[in-house]
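See below for the structure under consideration.
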Amino acid sequence: MFSPLTLTLDITLYWMVLGIVGGLLLRYNTHNTRLLFLLGTLGSFFLLMLCCFTLNQPPLLITAPLGIPGYPLHFSWDVLSAFFVLLLSATSIGIGLFSSHYFRNVDSRTQSLLFFNYHWFLASMIWVFLAADAFIFLMAWEFMALSSYFLIVAFKSTTETSRAGFLYLLI
């Protein structure tokens, strides 16, 4: 039987793979923008349903044999993390539906970067919520910060957005 924690981590892996594949596809063909954003929204919908049905689960802990040798990654699922995952998945459904229409007239390079960084941002936010040790928390936080930086600077290449992105990384 799958636990909500493993299913949530599987959905983050789905978002990461979708971000890579969709980013590469949108680089050369922008006709699939709506479909790709809706596929990402489908992951958000499954995550929302998972959180609704498992909000009162007892705490779970998974140790992944990744990371620094001798120091594996620890993920936990409790009521607080489930609540924040629920909020993020509900929000990302609306963002995904809106983005599927909003970014269809943007050039292919920008669409590719936005799609990739948006889905990696979602996955890293989930990892922040599920982090059970300082190493995975800081690693997920840095992935989230870098992907949100590239979301800021990818949309418009002006000096103002470059300055705002630099200020974001500085703070």
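The values are calculated or read from the model by the stated rules, or taken from the named source; none is laboratory data. This structure is a prediction, so every number in the text was calculated from the model and none was measured. Neighbour counts are summed over all protein chains in view; Cβ atoms, including those assigned to glycine, are modelled from backbone coordinates with ideal geometry. The area values use the complete protein model at the heavy-atom level, side chains included, leaving out ligands, DNA and RNA. Shrake-Rupley method; radii C 1.70, N 1.55, O 1.52, S 1.80 Å.
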Open item on the list: I need the phi-derived Karplus couplings for region 150-156: 6.51 cos²θ - 1.76 cosθ + 1.60, θ = phi - 60°, integer Hz, Gly and Pro marked x.
Closed with: 5, 5, 5, 8, 7, 6, 9
- [ ] Return the sequence-ordered ³J(HN,Hα) values of region 107-120 in whole Hz as given by the Karplus equation 6.51 cos²θ - 1.76 cosθ + 1.60 applied to θ = phi - 60°, using x for Gly and Pro.
- [x] 5, 5, 4, 5, 4, 4, 5, 4, 5, 4, 5, 5, 6, 6
Open item on the list: Give me the percent of accessible area attributable to carbon and sulfur for region 1-157, probe 1.4 angstrom.
Closed with: 74 percent
Open item on the list: List the residues, sorted by chain then number, that are 5 or more residues from Leu73 or on another chain and whose placed amide H is less than 5 Å from its amide H.
Closed with: Ala64, Leu66
Open item on the list: What is the sum of charges, Lys and Arg at +1 and Asp and Glu at -1, for the other residues whose Cβ falls under 13 Å from the Cβ of Phe75?
Closed with: -3
Task: Largest-first principal axis extents of the Cα set of region 116-171 (Å) - done: 39, 22, 11
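State the extension gain, in nm to one decimal, for the chain segment bounded by Leu38 and Leu97, taking 0.36 nm per residue of separation less the distance between their alpha-carbons.
Length difference between fully extended and current span is 20.6 nm.
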Task: Cβ-placed point charges (K, R +1; D, E -1), dipole of region 1-141 about Cα centre in debye, nearest 20 - done: 440 debye
Task: Accessible area (Å², per residue) of the chain, counting only protein heavy atoms and a probe of 1.4 Å - done: 56 Å²
Task: Ser108/Leu61 FRET efficiency (R0 30 Å; Cβ-Cβ; nearest 0.05) - done: 0.10
Task: Stokes-Einstein D for region 1-121, Kirkwood Rh over Cα pairs, 10 °C, 1.306 mPa s (µm²/s) - done: 103 µm²/s
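Using r as the Cβ-Cβ distance of Phe84 and Leu170, and R0 as 25 Å, what FRET efficiency do you calculate, to the nearest 0.05?
That pair, Phe84 with Leu170, gives E of 0.40.
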Open item on the list: Let's test this: bin the Cα-Cα distances of region 1-69 at 5 Å from zero up to the farthest pair and state each bin's percent.
Closed with: 3, 14, 21, 18, 15, 13, 9, 6, 2, 0
TODO: Multiply the residue gap between Tyr28 and Met49 by 0.36 nm, knock off their C-alpha separation, and tell me the result in nm, one decimal place.
DONE: 4.2 nm
Open item on the list: Give me the base-10 log of I(q)/I(0) for region 67-171 at each q in 0.11, 0.13, 0.16, 0.25 Å⁻¹, Debye formula, one uniform scatterer per Cα, rounded to two decimals.
Closed with: -0.42, -0.58, -0.82, -1.29
